[in-house]
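Each remark here refers to the structure printed beneath this line.
Read-outs: derived from the displayed coordinates by stated rules, not from any lab. Remember, it's a predicted structure, so these values are computed and weren't measured experimentally. Note: ideal-geometry Cβ built from the backbone for every residue, glycine included; neighbour counts use all protein chains shown.
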Amino acid sequence: MQGISKKRWGRWVVALSFGFAAGAALADDAIPESNPYSGDEKAMREGKSWYRGVCAACHGGRADGAGERGNGADLRKFELGFKGFVHVVLEGRQQPGRTMAMPAWKGVLKNDDIYKIGAYLETMAIEGANWKEGNRH
């Protein structure tokens, strides 16, 4: 576990375990065109908590891709739209030139929780991001 503290690793394992207990994700065709939680303060707080628990290790605390476990995608300038985001989270993704692949979270995170993470990430978007657009993958 080089590069990650035992305490942080333990929190990540707990978050994954909670995700397994939460149930399987919905079918991909059930994903709405836009995020139903966009702008919802309570959902964004919950999304921030989920993000910190399961995403920040790779994507960084500021979603800039500078995580403890390697260089994840910079989610502040995400270009695949909301449905693309959900699809990548559910199915995972390998990017050429990256040493680590995005793992698939289908069956670990519920779609509702993924939407809340997306609502939080919308608040961190920088110019050129298209979080509120539909599917672009």
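Worth a mention:
- Karplus (6.51, -1.76, 1.60) ³J(HN,Hα), θ = phi - 60°, over the range 83-94, in Hz, Gly and Pro reported as x: 4, x, 4, 4, 4, 5, 5, 5, 9, x, 6, 10
- The 3J(HN,Hα) values that the Karplus relation (6.51, -1.76, 1.60; θ = phi - 60°) gives for the range 36-53 are, in residue order, x, 9, 4, x, 7, 4, 5, 5, 5, 5, 5, x, 4, 4, 4, 4, 4, x Hz. Gly and Pro appear as x.
- In this calculation the C-beta distance from E127 to A30 is compared with R0 = 35 Å, giving a FRET efficiency of 0.65.
- In this rough spin-label picture, where each label sits 7 Å from Cα along the Cβ direction, the R45-R93 distance is 3.0 nm.
- Based on the Kirkwood approach, the hydrodynamic radius assigned to the range 34-137 is 13.4 Å, with every pair of different Cα atoms included.
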